[in-house]
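Following: one structure in structure tokens, then a few remarks.
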Amino acid sequence: MKLETKRLLLRPYEADDWADYLDYFSDPEMWRMLGYRPFVREEDFRGDFGWRLENPGVTALVLKETGHVVGHICAGALYPPLLEREELRGKQGVSLSFSLHRDWRRQGLMREALEALLDELFRSGGADFVNSGYFSFNAASEALHRSLGFRPIFTHVIERNGETVEVIETILEREDRL
């Protein structure tokens, strides 16, 4: 999928994105916000980068001004407990996760990217709803979700990297967006 916004190109990862990927994926805070254990070996980084190159659900966020990749959005399968929710039965959904390089946060870039992607998913992608979750300690992500119209649907607790964290699962339905 390729989309364009005022300041961004949303496109699949390319082999030439390696240096940019490595720059923002080396940030331990980004890993905590995504809930992953930071990579320490180059082969781990290369494996993850290879997965991004091959996965059509992963979108690189590229600054038009510089051509650098500064983040990503992953669109994938729904969190299984969502499939059990009565109000979502028979509806088509997609789950999103996303991250932005810390140097580019608080400038509205992720909101700009998500606005474009949500419009595409609801208009052309056939989605009835979109799910996204965030950790309770991530106030910036909570504010972004709320500002886009996502509403909490349930919470659950997970153990990640020796830390017990609460995850707030949210949904945005097509009728709330269009």
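Just a few scattered comments:
- Linear extension gain, Asn55 paired with Arg106, 0.36 nm per residue minus alpha-carbon span: 15.6 nm
- Rounded to the nearest Hz, the phi-derived 3J(HN,Hα) couplings of the range 10-25 under the Karplus curve 6.51 cos²θ - 1.76 cosθ + 1.60 (θ = phi - 60°) are 10, 8, x, 5, 10, 4, 6, 7, 3, 4, 5, 4, 4, 4, 8, 7, where x marks glycine and proline.
- Here the sum of -39500 (n - 2.57) over DSSP H runs of 4 or more residues, divided by the residues of the chain, equals -9500 deg cm²/dmol at 222 nm, to the nearest 500.
- Distance from the range 39-86 to the range 145-170 (C-alpha centre basis), Å: 19
- Cα gyration tensor shape for the range 1-144, rounded if a/c is under 1.5, else prolate or oblate: prolate
- Bridging of Lys64 to lysines at a Cα separation below 18 Å is possible for Lys2, Lys6, once same-chain residues fewer than 8 apart are set aside.
- Length-normalised contact order of the chain in % [C-alpha pairs under 8 Å, at least 6 apart]: 20
Read the figures in this text as sums done on the coordinates, not as results from a lab. Everything quoted here is computed from the prediction, not taken from an experiment.
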